[in-house]
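The values are calculated or read from the model by the stated rules, or taken from the named source; none is laboratory data. Treat the numbers as computed from the prediction; the structure is a model and nothing was measured. Virtual Cβ from ideal backbone geometry, glycine too; neighbours counted across all protein chains shown.
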Amino acid sequence: MTAWLFWASVALLVYTYFGYPALVGLWARLAPRPVATSPDYLPRVAIIVVARNEVQRIQAKIETCLAQDYSPERLRLLIASDGSADGMEQVVHGCPDPRVSLLAFPAPRGKAACLNDAIAVCDEDVLVLTDVRQRLNPEAVRYLVSNLADPQVGAVSGELVFVSDDPTPFASGVGAYWRYEKFIRRSQAAIHSTPGVTGALYALRKSCFRPIAPNTILDDVAIPMQAAMQGKRIVFESRAIAYDAPSTQARQERRRKVRTLAGNFQLLKLYPQLLLPWRNPIIMQFVSHKVLRLLAPWAMIVALACSALLAAHSTFYAALLGAQLGFYALPLLGELIPSLRKRAPVKLATTFIALNAYAILGLLEFLTNRDAHLWRAAAPERPSA
């Protein structure tokens, strides 16, 4: 039984991080389903930005949205303020462009509740949802919308590109992980759909929207998955770009990732239909990409414990135990010898172990924090030692 548990855990890890990406990558290469895009498709578009206390960023966000290479008379920008009290709303009110409007809520309720109300007051055919932090390339809206010319497409994810003048070793590891993640998303979109979109930038067919639970953490999964469960595709558009800075320190990535993983656990509670094959046409992608990653850290623990038990009676399992311990020691080695932090094995091991540890913390966050959907002020950054 111990050996069976060990190999079952290894199989889950291998499939999750290597087998599934290889499978969808090969599938996308051999049998892609092209999207019937059209540059002539120019529906009315509402760009929606939900923000709270972002007075320092809102002007730049307004400018990047209004600079879109899209028919001006068919584009407007709606800023939803979630109880802001720092002067952000005054900045929006002061914008002279009539295409900019403000929907102000007196008290903070969280992004999902604001999105429900903001979308309800839009009568445009297409909604483009983007976060306040990222700058957009001028063609972003046009490229996103061109995919919706295909009636089979319900949502379109843009691409998040990390830009850093001097990335730290941790930021480089996060960047490598994000490139791996985008490969998977592109492949999934090529065969049918990706289960979720880049929250920084995506487009949605208004007719596909259904109000989500007000305490939803991951609106960028819950909303597009509604479209998938209506038989629509969720595709990926690499030419629509949102630029952001990567997390430079583990504590930054931890805060963001723990919340995201707590949101994945919450999705299974709020939307159990996502696990029903007759309701979710992309259940293989959803389980392989979202659910199994929640199980991966536990598989790592089980594999390590089982190999430790088996090592006393087998040289083979003793060698496997040593290999695991060596891998888990790489981040510590990087701390002890800073010059090794930039080496690929150390960077990747540090990122991989950290992200799986965050899945455990995400479960604790989901179980203990009922306000995880509300905005939290970012902790001040401290210089690295």
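Side notes on the structure shown:
- The residues listed here are Pro272, Pro281; of these, the one that is over 30 Å from Pro32 (Cβ atoms) and either under 18 Å from the mean Cα position of the chain (by Cα) or surrounded by fewer than 20 Cβ atoms within 10 Å (Cβ to Cβ) (or both) is Pro272.
- Scanning region 65-99 for residues being surrounded by 17 or more Cβ atoms within 10 Å (Cβ to Cβ), in a loop (DSSP other than H, G, I, E, B), without any contact (Cβ under 8 Å) to a residue 60 or more places away in the chain and of a type in the set (S, T, N, Q) gives a total of 1.
- The residues of region 358-385 that are touching a Gly at 6+ places or on another chain (Cβ under 9 Å) and modelled with pLDDT under 90, listed by number, are Asp371, Ala372, His373, Leu374, Trp375.
- Criterion (of a type in the set (A, V, I, L, M, F, W, C) and in contact (Cβ under 8 Å) with a residue 24 or more places away in the chain) met by exactly one of Ala311, Ala299: Ala299
- Conditions (1) at pLDDT 95 or above; (2) surrounded by fewer than 19 Cβ atoms within 10 Å (Cβ to Cβ); (3) in contact with a Lys or Arg (Cβ under 9 Å, 6 or more places away or on another chain); number of the one not met by Leu102: (3)
- Selection of first residues in region 212-233 that are under 19 Å from Ala189 (Cα atoms) and at pLDDT below 95 and of second residues that are among the acidic types (Asp, Glu) and surrounded by fewer than 23 Cβ atoms within 10 Å (Cβ to Cβ), restricted to Cβ pairs under 9 Å at least 6 apart or on distinct chains, gives an empty result.
- Leu274 at pLDDT 85 or above, closer than 27 Å to Gln226 by Cβ and assigned to a helix (DSSP H, G or I): yes
- Scanning region 50-64 for residues that are in a helix (DSSP H, G or I) and either under 15 Å from Arg142 (Cβ atoms) or basic (Lys, Arg) (or both) yields a total of 2.
Yes or no, residue by residue, for (1) assigned to a helix (DSSP H, G or I); (2) in contact with a Lys or Arg (Cβ under 6 Å, 6 or more places away or on another chain); (3) not aliphatic (A, V, I, L, M):
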| position | (1), (2), (3) |
| --- | --- |
| Trp298 | yes, no, yes |
| Ser307 | yes, no, yes |
| Leu320 | yes, no, no |
| Pro331 | yes, no, yes |
| Glu335 | yes, no, yes |
| Ser339 | yes, no, yes |
| Lys342 | no, no, yes |
| Phe366 | yes, no, yes |
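- Among the candidates Arg109, Arg142, residue that is modelled with pLDDT under 95, over 30 Å from Arg343 (Cβ atoms) and within 24 Å of the chain's Cα centre (by Cα): Arg109
- Subset of region 223-251 [buried (at least 22 other Cβ atoms within 10 Å of the Cβ) and in a helix (DSSP H, G or I)]: Ile223, Pro224, Met225, Ala227, Ala228
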